[in-house]
Amino acid sequence: MSYGRFLFVFVFAALLTISSCSSTVPSSTPGPASPTHTAKRFSPAELAKLRWIEGSWRGTGDVETPFYERYHFENDSTLVVDSFADEKFSKISETSRFELKDGQFGNVGEGARWAATAIDDYSISFEPTAKAQNSFRWEHASASPQPNEWKAVLWWPAANNKAAGQRIYRMERWPPPKP
């Protein structure tokens, strides 16, 4: 797996996990991944709550250099996430697809996979379904339907003599909107 793909999957996993579907701003402290969490059934109308994530973003946090991604809905049931090598967004280095199939929303492919467990007006949470152990949540705390900032929160359980952990990435609209 390339570094860019690993970083994307890691960041993506951090942004999607939340434990409940409520209309209030979720807590920033996620719980551990658990086999008791199961993928929920969603509709295209529920996916429409995620339209706030559409756009071009610069990610910072526990990484040496910023990373750049663009999120867009291809249709009412498919979210495409393109990763780019730099802030110019001139060359796609990786593409991931999240699709709604039979009521379940998750990424597709042969590698690590996650499925959504909760969607509300402020966030989406994901739990691992194959070849992954970490959970993640994408969340924003803005009352705006198009926030200029959100965060990806990733967490993983203790395993193989390693402690449980959490990582948070700050995503800001890029280029920044003019005041």
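Read-outs throughout are calculated quantities, based only on the coordinates presented, and are distinct from any laboratory measurement. Please read these numbers as outputs of a predicted model, since none were measured by experiment. Neighbour counts are summed over all protein chains in view; Cβ atoms, including those assigned to glycine, are modelled from backbone coordinates with ideal geometry.
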Give the calculated FRET efficiency between residue 91 and residue 163 to the nearest 0.05, with a Förster radius of 41 Å applied to their Cβ-Cβ distance. 0.65
The correct pair for segment 75-179, radius of gyration to one decimal and Dmax as a whole number, both in Å and from Cα atoms, is 15.4, 48
What GluC sites (Glu not before Pro) does segment 46-81 have in DSSP loop regions with at most 15 other beta carbons within 10 Å? 54, 64
Set of aspartates and glutamates near residue 40 by C-alpha distance (under 15 Å), chain-local residues within fewer than 8 positions excluded: 99, 102, 120, 127
Of the trypsin sites (Lys or Arg not before Pro) in segment 122-179, those whose Cβ has at most 13 other Cβ within 10 Å and which sit in DSSP loop: 131
Here the gain from full extension of residue 143 to residue 102, 0.36 nm per residue of separation minus their alpha-carbon distance, amounts to 11.7 nm
